[in-house]
Every structure is written in structure tokens, then in C-alpha cells.
């Protein structure tokens, strides 16, 4: 009798479909910053650990890296990491993040200069990549600031009417055991306003953003954060990361980059993806 009951339970369990796989975009930022970032992006992309890479087209290693050709042959999105603070194409567009934020919110940014910088970076991306970007986000999230976000959405709608890039929005993922304040502050700097502009312009965007922390985690702690984000994520979310293989003295988050690369490249990460029913993919292209 007990054997029959066990067999019936096994048959019932076999009939229950597995939970649907959640598709998320693991996006590596700062390609072009230095050779170690480029190498990490290429290595992770080849292992199927990335769904997107964001490029600093003014960065010292943007034109030097053969890794961009390797990325082009992979099923991942390659996009523009819009930069107004470190390596803008026009020197006058640079400055500290604090100064940029103050000028943006006081509406003292020159709209024509902002538009010129955006188009210059899109031109630089196309000149090297040979095609438009798959997506656009912002170095230090500047793409969502007032004045910049409007100019960006207009530029994308104007330049790419047929196949518009998607935009990375910053609505926080709010995973248990992960930082809460920093993601809320980032989103509060213009995330909702950018999502509304994208919707009106017909630009796709991600649902939520994970991967925000203080760049201060040891491997064990970063692994715990990563697992929490995987458990909280849903279809269309972006998990941001900043990996690198090797460091440079000028890189302020060099240690965190190496930690991130080590964890993301590990067998452990692949095992957690399978265990949590998560697939790393490109952002699905559908109306927002």
C-alpha cells in the first residue's frame, strides 16, 4: 500500500511542470576603461555569464581592445555607457558628479552642449562598433539626470527610428539582505522620470536594477549579495556589475572589480543560476 502511494506521488510530481525560467540581464559596465575590464567582459561573455556590456567610448582602452570583436560574435547586448564626468568627448562637458548633479537639477546645464556630447558619444560608438548601440545607460547613472535624460531620449528617437536601443532604468530591486539606501538614492535621481520619457518615446527599458552596493564586499559577502539578487529578480531585470581581471592604480574600485570577476566567473555562480531558475539573457525587445 505504501509502495503504491509513493509511486503515485512520484507520478504526480513528474506531472507538475518546473517553475518558469526567469530571464535577467547581467550587465558589465565600464568596457573601455582599462585592459583588465575589457578582458573580464570578454571572458565572462564567452562563458555565458553576461547579457550586456556597456562601453565608455572616451575611455583609454576603448579603441585598443580586440575584445570588442569577441563580444560582437556573442549573443549579448553591447551598448553605450554615457559619461559626463570622467571621459567625455568634449572637455567642457566633464566635471565632478556633484557639480553635474547640481547644474542638472538647477537647470543650469547647457542643453545644446549636452545634446552635442550625447551625439558625439553615439558617433564614437558607431565608428568603432560599426553599428548603433543595443542599449544606453549612464556612467554613475548620469543618463537619468534632468536635461540629460530628455536630450538622450530625443537623440535615440531621432537617430534610430527603426530599431531603438533600450534604456537602463534604475527602479530598485529591493532584495532581502542587500543595501536599501543607495539603490533608493540612485533611483531618486531621475529613474521614474526617465522611464516615463522612454515610454512616451517607445523605447524599451528594463524592469528593475540590482547589483547596487558599496563596492566594499569580500568574495563571501559579494556571493551572498549575488544570491539575494538572483532570488529577488524577475523577467526583464538588470543585474549591474563592474568586473575586471587585474587592476590599475587609478581605478578607485579595483579590488571590488577583481572580487566581482572571481565570483561571476566561478562554477558556483553557474550552479546558483540553475538552482534559482535564472537564465542570463539579452533584454527582450518588446514595447515598454
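Values for this structure:
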item: Using a Förster distance of 35 Å, the FRET efficiency for residue 200-residue 72 (Cβ separation, nearest 0.05); result: 0.65
item: Theoretical gain in end-to-end length, residue 103 to residue 248 [0.36 nm per residue, Cα-Cα removed]; result: 49.1 nm
item: Cα long-axis angle, helix 148-159 against the chain (0 to 90 degrees, to the nearest 10); result: 90 degrees
item: Cα→Cβ-extended label distance, 7 Å offset, between residue 224 and residue 192, nm; result: 3.2 nm
item: With Cα atoms, 0 to 90° folded angle of helix 219-232 axis to the chain main axis; result: 80 degrees
item: Which of 27, 41 has the fewest Cβ neighbours within 10 Å, and the rest in rising order; result: 27, 41
item: FRET efficiency for residue 159 and residue 96, using Cβ-Cβ distance with R0 set to 30 Å, rounded to 0.05; result: 0.55
item: Length released on extending from residue 131 to residue 86, taking residue separation times 0.36 nm less the Cα-Cα span; result: 13.8 nm
item: Relative packing of 176-189, 226-239, 207-220, which averages over residues the other C-beta atoms within 10 Å, highest first; result: 226-239, 207-220, 176-189
item: Whether the stretch 195-288 is rounded, prolate or oblate, judged on the alpha carbon gyration tensor where a/c under 1.5 counts as rounded; result: oblate
item: R0 of 25 Å, Cβ-Cβ distance residue 216-residue 46: FRET efficiency to nearest 0.05; result: 0.30
item: Part-to-part distance (alpha-carbon centres) for the stretch 132-162 and the stretch 37-63, which is given in Å; result: 20 Å
item: Whole-number percent relative contact order across the stretch 21-280, with pairs defined as alpha carbons under 8 Å at least 6 apart; result: 24 percent
item: Equivalent ellipsoid semi-axes - Cα gyration tensor, the chain, angstrom; result: 35, 21, 19
item: Crossing angle, helix 2-15 versus the chain [Cα axis fit, 0-90 degrees, rounded to tens]; result: 20 degrees
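FYI, it's all coordinate maths here, none of it is from the lab. Here the structure is a predicted model, which is why all the values come from computation and not from measurement. Heads up, the Cβs are rebuilt from the backbone with ideal geometry, glycines too, and the neighbour counts pull from every protein chain shown.
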